[in-house]
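S.K.: Pasting a structure here, questions to come.
The values are calculated or read from the model by the stated rules, or taken from the named source; none is laboratory data. None of the values given here were measured: they were computed from a predicted structure. Here the Cβ is made from the backbone with ideal geometry for all residues, glycine too, and neighbour counts use every protein chain on show.
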């Protein structure tokens, strides 16, 4: 494994390289070669991730209620969100998988990559301390947390739009990201919503979900 590349991507140099290797070793490889997989690290990383995110929300979003913080955390600490972190940091190029996994291309599987992020978090913690891990987690999830904190409590425009468009029968509703710009730590997205292939509206935001929500909101306003 080219440790320097993955360490550069995550912004941390491991003292114990074997921890990093284990964090990126999928069960499909571990079972064949008789080595340890990243499953136990994933278990630990999941708990650390939830704790750090909870702490960050508690300290920085004092106006949010308990239930609202829970909703934000659940949205941010999820498979889709962690998968996006894995893709951004290039984990798919370093994940150690079995031969069959590589042949089928499932190395890009969302769950597999999301799990590897949790495993790397645990490996970093065991190799350093909670402060180092906290910096990694917040730097990669800060924008998503900010975007979701603005959505919490807001009416789900996508659901309302779907209900209105399907009042007289089923229609095909699609959301497309048509623009993505800015550095990794400050992304900006533009989305458009289509009904049976016809563009209804566009919206923008700091996350794909927020951009889609804004597009749905604009579509509803146009229908008034």
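Okay, residues lined up against (1) in contact with a helix residue (DSSP H, G or I) (Cβ under 6 Å, 6 or more places away or on another chain); (2) without any contact (Cβ under 8 Å) to a residue 12 or more places away in the chain:
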{"site": "46", "(1), (2)": "yes, no"}
{"site": "65", "(1), (2)": "no, yes"}
{"site": "68", "(1), (2)": "no, no"}
{"site": "73", "(1), (2)": "yes, no"}
{"site": "76", "(1), (2)": "yes, no"}
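S.K.: Going residue by residue through the range 165-183, is there one that turns out to be at pLDDT below 90 and surrounded by 11 or more Cβ atoms within 10 Å (Cβ to Cβ)?
M.R.: yes
S.K.: Which of the residues spanning the range 121-157 are assigned to a loop (DSSP other than H, G, I, E, B) and at negative phi? Give the derivation first.
M.R.: First, the residues of the range 121-157 that are assigned to a loop (DSSP other than H, G, I, E, B): 128-129, 152-156.
128, 129, 152, 154, 155, 156, listed by residue number.
S.K.: Right, another one. Taking the stated definitions as given, is residue 209 farther than 13 Å from residue 161 by Cβ, surrounded by fewer than 12 Cβ atoms within 10 Å (Cβ to Cβ) and not assigned by TED's automatic domain parsing to the domain that holds residue 145?
M.R.: No: the conditions fail for residue 209.
S.K.: With the structure loaded, tell me whether residue 49 is in a helix (DSSP H, G or I) and either in contact with a strand residue (DSSP E or B) (Cβ under 8 Å, 6 or more places away or on another chain) or surrounded by 19 or more Cβ atoms within 10 Å (Cβ to Cβ) (or both) or whether it fails that test.
M.R.: Taking the combined requirement at face value, the residue satisfies it.
S.K.: Considering each of 117, 72, 107 in turn, give the residue that is assigned to a helix (DSSP H, G or I), within 20 Å of residue 38 (Cβ to Cβ) and at pLDDT 90 or above.
M.R.: Among 117, 72, 107, only 117 is assigned to a helix (DSSP H, G or I), within 20 Å of residue 38 (Cβ to Cβ) and at pLDDT 90 or above.
S.K.: Now for a different question. Take residue 33 and decide whether it is crowded, with 18+ Cβ neighbours inside 10 Å and either more than 18 Å from the chain's Cα centre (by Cα) or in contact (Cβ under 8 Å) with a residue 12 or more places away in the chain (or both).
M.R.: no
S.K.: In the range 158-208, how many are outside any strand (DSSP E or B) and out of contact with any strand residue (DSSP E or B) (no Cβ under 9 Å at 6 or more places or on another chain)?
M.R.: Within the range 158-208, residues that are outside any strand (DSSP E or B) and out of contact with any strand residue (DSSP E or B) (no Cβ under 9 Å at 6 or more places or on another chain) number 12.
S.K.: Are any residues in the range 7-30 surrounded by 13 or more Cβ atoms within 10 Å (Cβ to Cβ) and either outside the structural domain of residue 81 (by TED's automatic domain parsing) or assigned to a loop (DSSP other than H, G, I, E, B) (or both), and if so, which ones?
M.R.: The answer is 11, 12, 13, 14, 24, 26.
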